[in-house]
Amino acid sequence: MKIINQNNTTFLLVGCDTIAVFEVLWAQRFFNHGNWHSYTTAILMVLAVVLIGCLYSLDTYHLGQDRSKTQIIFLASIASGIFHVVQPFLFRIFDVSFSLAGVVLSFAVCLAYLFTTRLTLYWIRKKNQISNRILVLGEGRELKWADSFFEQLSDYKIIGYVSIKPTESPSTMPNLGKWQDLPQILESEQISVLCISYIKPLPSLLNNMLLHLKLKGMKVLGFSDLCQQLRGYIPLDYVDEHWFLFAEGFVSTRFSRQVKRISDFIFSLGGMVLLFPLAGAVALTNLVCNPGPLFYSQLRVGLYGREFRIFKFRTMLESAEKEGTPEWAQKDDDRATAWGQIMRKTHLDELPQIWNVLKGEMSIVGPRPERRQLIEKIEQEIPYYELRHFMKPGITGWAQVNLVYANSIFKTKWKLEYDLFYIRHFSLMFDLIIIARTVRTVLFGKGW
């Protein structure tokens with residue numbers, strides 16, 4: 001799964017950054033004098049992890065189209081600068097002497113390291129873009145879907161398309177000719193990936209040609225495969241029951257379920273201890289800013305379609321659904337109180353669900369649970385929705401860190417495509433990636 005490999009590369013870089021920054025900080029010892037305690041090394045390690053956490057939260061490891069090279073380097077510089085300004089004060093708190101010259105030199109070396117690694121990442125991305133030249137084979141609306149998909153990619157260069165049947169301007173990509181001339185087009189344009197964006201059965205002659213091209217070394221991928229490898233979702237319009245039946249994944253062993261349950265228990269127990277003061281502050285603020293019941297509970301559908309009662313801090317007016325008719329949750333829901341809006345944006349309202357995780361009704365990571373009344377309506381419009389109930393629901397999930405609130409059938413279908421991808425590729429490493437992204441999502445409001 002390419003998207004997991006990309007995140008593994010990010011985590012490897014995070015690890016290298018942590019070690020490098022720690023070594024730079026530890027080198028300050030040679031400039032210091034006096035009180036260098038036995039616990040100073042541990043303090044420096046914690047400080048290094050804090051700095052790396054800031055760099056990750058600021059998204060300096062993600063070199064997408066929405067972030068320029070200048071923005072990434074600027075954010076990394078600001079984080080490193082603030083850290084080195086605060087560092088002497090932290091040393092004073094722990095009674096550790098420091099040298100101003102050492103701190104300045106540490107900042108200069110750290111900055112040079114961050115500049116070098118980010119510039120290297122951009123160079124690698126540019127090199128990949130040159131080598132990853134894509135030609136799309138398809139027609140009609142499928143080509144339009146491919147248009148919007150490829151616009152979001154930064155590491156691939158879309159050369160154009162070849163239409164299976166004559167159509168009138170189905171795409172903004174340049175038309176490079178007929179499929180009968182496909183071998184010559186692939187060679188002249190130096191294509192490295194041929195994407196098949198077509199739902200119907202291909203002509204037999206074209207099938208035979210594609211098979212020969214694949215055997216000669218051409219990388220031939222369906223649009224569904226590209227969506228999964230590059231964007232992390234399963235496009236429902238390109239799959240059917242036959243695909244689900246024979247696709248790899250969608251299987252969790254008893255051992256993996258036990259490991260997930262143990263990790264959920266550890267995370268939730270630790271979360272209750274660490275977040276108890278925060279939950280107490282939320283409760284006290286709620287008494288002043290949001291008079292009424294502190295908690296809100298609701299029946300939701302969980303594993304294997306079983307209902308359970310979910311708990312949240314109340315964010316809406318008590319009369320939000322006085323008629324008993326379920327409504328879609330909105331990002332800026334006018335039914336929420338002023339304090340409730342703050343809790344929803346920071347997701348503090350989700351904290352009580354740690355209790356559901358401890359009870360085994362939910363997981364830290366998984367598809368978000370929904371009400372049965374809405375599910376019955378959704379299942380009439382969206383196929384395969386019931387498949388998400390074969391995974392325990394979670395507080396956060398792959399769909400939540402990639403998308404905003406699902407307030408319509410269209411957005412619910414989009415979220416389902418991400419949920420099904422998670423269910424297919426579930427692993428403990430994938431869970432850790434989602435948890436790390438959740439921290440960034442909460443801080444910067446992306447997703448959910």
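Some notes on this structure:
- Of residues in segment 334-359 being in contact (Cβ under 8 Å) with a residue 60 or more places away in the chain, in contact with a helix residue (DSSP H, G or I) (Cβ under 7 Å, 6 or more places away or on another chain) and not aliphatic (A, V, I, L, M), the one farthest from Lys392 (Cα to Cα): Thr346
- Residue within segment 403-425 that is out of contact with any Asp or Glu (no Cβ under 6 Å at 6 or more places or on another chain), at pLDDT 90 or above, in a loop (DSSP other than H, G, I, E, B) and surrounded by fewer than 23 Cβ atoms within 10 Å (Cβ to Cβ) present: yes
- Residues satisfying the stated conditions in segment 207-221, i.e. touching a Ser or Thr at 6+ places or on another chain (Cβ under 9 Å) and surrounded by fewer than 17 Cβ atoms within 10 Å (Cβ to Cβ): Lys219
- Counting only strands (runs of 3 or more DSSP E) that sit wholly inside segment 156-244, those with at least 3 residues that are aliphatic (A, V, I, L, M) are 157-163, 193-197.
- When Phe107, Phe98 are checked against the criterion of being on the phi < 0 side of the Ramachandran plot and modelled with pLDDT under 80, a single residue qualifies: Phe98.
- Condition check for Pro367 on (1) over 23 Å from Pro277 (Cβ atoms); (2) in contact with a helix residue (DSSP H, G or I) (Cβ under 8 Å, 6 or more places away or on another chain); (3) assigned to a helix (DSSP H, G or I): one failure, at (3).
- Candidate set: segment 149-178, residues that are modelled with pLDDT of 85 or more, farther than 24 Å from Tyr233 by Cα and crowded, with 19+ Cβ neighbours inside 10 Å; chosen: the one farthest from the chain's Cα centre (by Cα): Leu176
The values are calculated or read from the model by the stated rules, or taken from the named source; none is laboratory data. Everything quoted here is computed from the prediction, not taken from an experiment. Positions of Cβ are generated from backbone atoms using ideal geometry, with glycine treated the same way; all protein chains shown enter the neighbour counts.
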